[in-house]
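Beneath this line is the structure, given in structure tokens, with notes to follow.
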Amino acid sequence: MGVGTLLVLLFSDPMVGVWKSISVSFSQLLGAACMNNTFCLLIFYGLIAARGFKWVYHAEVMGIVLVEVIMALVASRNVHTVLSGALVLSLLPLSLVVVVVLKATVFNGVES
């Protein structure tokens with residue numbers, strides 16, 4: 001009992017410190033990703049407006065929004081399993097399939 005208590009006393013405080021540090025790091029990474037995406041979107045819109053490009057990316061935008069909604073639902077869960085990891089890994093192929101299907105059906109002839 002004494003050895004177990006000693007081990008808990010030695011390792012519990014550093015573990016709590018590590019967990020607080022990890023949560024802060026993840027929050028910073030999420031904030032940096034949001035800021036980076038917003039900045040890149042601003043540059044993209046600026047190029048479209050300045051050069052007078054035609055917007056022909058409706059299917060791609062819908063695919064990206066679908067992936068973002070699914071990721072928000074997965075990220076809002078408290079417990080992540082191997083199944084949720086597999087779902088996240090399958091989002092890229094899923095988004096590509098969604099774009100191909102939308103271009104072939106809904107936006108056929110609109111985007112060329």
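The values are calculated or read from the model by the stated rules, or taken from the named source; none is laboratory data. All values derive from a computational prediction rather than experimental measurement. Note: ideal-geometry Cβ built from the backbone for every residue, glycine included; neighbour counts use all protein chains shown. For the accessible areas, the whole protein counts, side chains as well, though only heavy atoms, and no ligand, DNA or RNA atoms are used. Shrake-Rupley method; radii C 1.70, N 1.55, O 1.52, S 1.80 Å.
Quick notes
- Restricting F44, F26, F11 to those that are assigned to a helix (DSSP H, G or I), without any contact (Cβ under 8 Å) to a residue 60 or more places away in the chain, open to solvent by 70 Å² or more (accessible area, probe 1.4 Å) and within 21 Å of L96 (Cβ to Cβ) reduces the list to F44.
- A59, sole failed condition from (1) of a type outside the set (V, I, T); (2) at pLDDT below 90; (3) open to solvent by less than 80 Å² (accessible area, probe 1.4 Å): (2)
- Number of the condition not met by S112 [criteria: (1) among the polar types (S, T, N, Q); (2) modelled with pLDDT of 85 or more; (3) open to solvent by 60 Å² or more (accessible area, probe 1.4 Å)]: (2)
- Here the stretch 62-109 is the region considered, the condition is being within 21 Å of A33 (Cβ to Cβ) and in a loop (DSSP other than H, G, I, E, B), and the residue that is least open to solvent (accessible area, probe 1.4 Å) is S90.
- Selection within the stretch 47-61 - aromatic (F, W, Y) and assigned to a helix (DSSP H, G or I): none
- Scanning the stretch 35-58 for residues that are within 19 Å of the chain's Cα centre (by Cα) and either under 25 Å from A86 (Cβ atoms) or aliphatic (A, V, I, L, M) (or both) returns M35, N37, L41, L42.
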